[in-house]
Amino acid sequence: EVQLVESGGTLVQPGGSLRLSCAASGFMFSNYAMNWVRQAPGKGPEWVSGINSAGSSTSNGEFVKGRFAVSRDNAKNTLYLQMNNLKPEDTAVYYCAKDRSNWYSTDLTNWGQGTQVTVSS
């Protein structure tokens with residue numbers, strides 16, 4: 001069974017940094033693009049970042065503005081999201097999601113349970 005388990009979310013001060021991880025199992029991780037999606041309180045879901053299966057191409061949502069970087073380690077079946085210069089508006093539940101193909105943001109077929117990121121002083 002496809003399993004995606006996010007971790008690393010916590011309370012962090014504005015301007016701080018955080019790295020989220022997503023441990024994947026139950027499928028050939030290196031064959032699929034992966035994505036990060038977030039949902040803030042009172043707002044709809046926002047696509048954060050995507051990375052192709054080989055890890056050679058990435059893209060971020062416009063709100064990221066260079067602060068976040070998605071990466072993957074196919075040997076470890078793990079997806080990462082490095083977040084820097086965090087802002088209160090980054091507060092959200094962050095989900096990793098498996099794509100249907102080798103390219104990101106096509107069809108997100110499987111989602112993890114999410115990890116809470118709270119940015120507050």
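Numbers for the structure displayed
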{"quantity": "Volume in Å³ per residue [convex hull over Cα atoms, computed for the chain]", "calculated": "90 Å³"}
{"quantity": "Accessible area per residue in Å² at 1.4 Å probe, computed on the chain", "calculated": "49 Å²"}
{"quantity": "Karplus 3J(HN,Hα) series, Hz, for the range 83-91 with 6.51 cos²θ - 1.76 cosθ + 1.60 (x for Gly, Pro)", "calculated": "10, 10, 6, 5, 10, x, 6, 7, 4"}
{"quantity": "Non-local Lys pairs in the chain, i.e. 8 or more apart or on different chains, that have alpha carbons under 20 Å apart", "calculated": "4"}
{"quantity": "Cut-off under 5 Å, modelled amide H: who pairs with residue 91 long-range", "calculated": "119"}
{"quantity": "Potential extension, residue 69-residue 101 segment - 0.36 nm per residue separation minus Cα distance", "calculated": "9.4 nm"}
{"quantity": "³J(HN,Hα), Karplus 6.51/-1.76/1.60, whole Hz, each residue of the range 28-35, x for Gly, Pro", "calculated": "7, 4, 5, 8, 10, 5, 10, 9"}
{"quantity": "Derived scalar couplings ³J(HN,Hα) [the range 9-22; Karplus, 6.51 cos²θ - 1.76 cosθ + 1.60; whole Hz; x for Gly, Pro]", "calculated": "x, 6, 7, 9, 6, x, x, x, 10, 7, 10, 8, 10, 9"}
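The values are calculated or read from the model by the stated rules, or taken from the named source; none is laboratory data. None of the values given here were measured: they were computed from a predicted structure. Side chains are part of the model used for accessible areas, which takes the heavy atoms of the whole protein and leaves out ligands, DNA and RNA. Shrake-Rupley method; radii C 1.70, N 1.55, O 1.52, S 1.80 Å.
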